């Protein structure tokens, strides 16, 4: 099951978090919150598998995100 572990504003921040987690071997999905906002102004949910959620949160915290 996929769960939200973080919310990010802008696609640039989201892409950075996604790359960080994927480099650590964690599967990541990104879902925009709003359908009618531009990619740069939207908020995004960052989702990972429930079994990897704790590790993903630790990676985000360790990297100051």
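One table, with the values for the structure above:
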{"quantity": "Residue that is modelled with the lowest pLDDT [pool: residues in the stretch 1-58 that are exposed (fewer than 13 other Cβ atoms within 10 Å of the Cβ) and in a helix (DSSP H, G or I)]", "calculated": "12"}
{"quantity": "Condition met for residue 40 (in contact (Cβ under 8 Å) with a residue 24 or more places away in the chain and in contact with a strand residue (DSSP E or B) (Cβ under 7 Å, 6 or more places away or on another chain))", "calculated": "no"}
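The values are calculated or read from the model by the stated rules, or taken from the named source; none is laboratory data. All values derive from a computational prediction rather than experimental measurement. Positions of Cβ are generated from backbone atoms using ideal geometry, with glycine treated the same way; all protein chains shown enter the neighbour counts.
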